[in-house]
1. Does any residue of the stretch 213-225 turn out to be over 30 Å from His68 (Cβ atoms), β-branched (Val, Ile, Thr) and not in a loop (DSSP other than H, G, I, E, B)?
2. Can you tell me which residues in the stretch 236-253 are surrounded by fewer than 18 Cβ atoms within 10 Å (Cβ to Cβ), of a type in the set (D, E, K, R) and in a helix (DSSP H, G or I)?
3. Given (1) over 29 Å from Ser142 (Cα atoms); (2) surrounded by 16 or more Cβ atoms within 10 Å (Cβ to Cβ); (3) touching a Pro at 6+ places or on another chain (Cβ under 9 Å), identify the lone condition not met by Ser212.
4. Here are the criteria: (1) in a helix (DSSP H, G or I); (2) at pLDDT 65 or above; (3) surrounded by 13 or more Cβ atoms within 10 Å (Cβ to Cβ); (4) not small (Gly, Ala, Ser). Tell me which single one Arg48 does not satisfy.
5. Taking the condition surrounded by 15 or more Cβ atoms within 10 Å (Cβ to Cβ) and more than 27 Å from Glu236 (Cα to Cα), does Lys204 pass?
6. Is there a residue in the stretch 257-269 that is surrounded by 11 or more Cβ atoms within 10 Å (Cβ to Cβ), assigned to a loop (DSSP other than H, G, I, E, B), of a type outside the set (D, E, K, R) and free of Cβ contacts under 8 Å to residues at least 40 places away in the same chain?
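The values are calculated or read from the model by the stated rules, or taken from the named source; none is laboratory data. These figures come from a predicted structure and were not determined experimentally. For neighbour counting, all protein chains shown are included, and Cβ atoms are generated from backbone atoms with ideal geometry for every residue, glycine included.
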Amino acid sequence: MSASIDTEALGESITEGLEALTRHGWEGAMKTIAFALLLLVAGMVVKRIIMTLVDRALARSKIEPSFHKFIHSAVKILLWFVILTVVAEALGINATSLLALASIAGLAISLSVQDTLANLAGGLSILATHPFKVGDYVVIGSAQGYVREIGMVHTKLTTFDRQVVILPNRVVADAEVDNHSTEAIRRVQRTVTASYGDPVEKVKEVLIREFSAHPAVLAEPAPYVRVSDFGDSAIEYTIRLWCSNADYWTVYDDLMDMVKTAFDREGITIPFPQMEVRIKE
């Protein structure tokens, strides 16, 4: 109902504009059209200058490059709308009808593409909060990997086995994001076991000496080794090491190899699960 009314109003506005053009004769109409064309050309020149400034500002900004195209297009559409509105007013066409028709068209489009708009809103949220950037290692819900691309409607991750995971931005915006790449250093934590027959202080000393010799392990914060649990057949030790973010997985993978090498060299036993059974007569 409102759509038809606004369409009729737009038609009446255009008719009034045409009547206004011819009211003062064709000479006056040509002057009005020439003035409108002059406004159009001037508007296009101004639009080009503004778009150049916008592109330069985007190039210098810290905004994720994936969003540059969207911002460029959005500003361009807005400028075109302003130019056409000014030209329509110069021709005597009521711009209010244009605005009403545009709002109704926008509402109809938004209802038909709700999911896309939700993803678009999610993309704008990512742009505003900047929780990660391309190249960061992140955990988003049940998905994890390196950020490959941040688009306006989806985010792509590359996993360790070289698979690509595509997440809708509405999911990313609502999920808990764990970014492992924001800090310069990162902690590696794992647990190992040694037998009850091996002195605790010896085990701790051997492990700390072994880890301190690793070139990627930082001296500060210092390597940490403490007893964390007494199991059925072994003592559990918690190991915490610090390294640069880039070396995390190297240290993580080397840690267990280093433990086995050090234990074999020092005669420390890694016991098998065992159970002592006593038979009572």
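1. First, pick out the residues of the stretch 213-225 that are over 30 Å from His68 (Cβ atoms): 213-225.
When the remaining residues are screened for being β-branched (Val, Ile, Thr), the result is 217, 225.
Retained after the next criterion (residues that are not in a loop (DSSP other than H, G, I, E, B)): 217, 225.
Yes, because at least one residue in the stretch 213-225 is over 30 Å from His68 (Cβ atoms), β-branched (Val, Ile, Thr) and not in a loop (DSSP other than H, G, I, E, B).
2. Passing the criteria: only Asp253.
3. Result: Ser212 passes all but (2).
4. Of (1) in a helix (DSSP H, G or I); (2) at pLDDT 65 or above; (3) surrounded by 13 or more Cβ atoms within 10 Å (Cβ to Cβ); (4) not small (Gly, Ala, Ser), only one is false for Arg48: (3).
5. No, not satisfied.
6. No.
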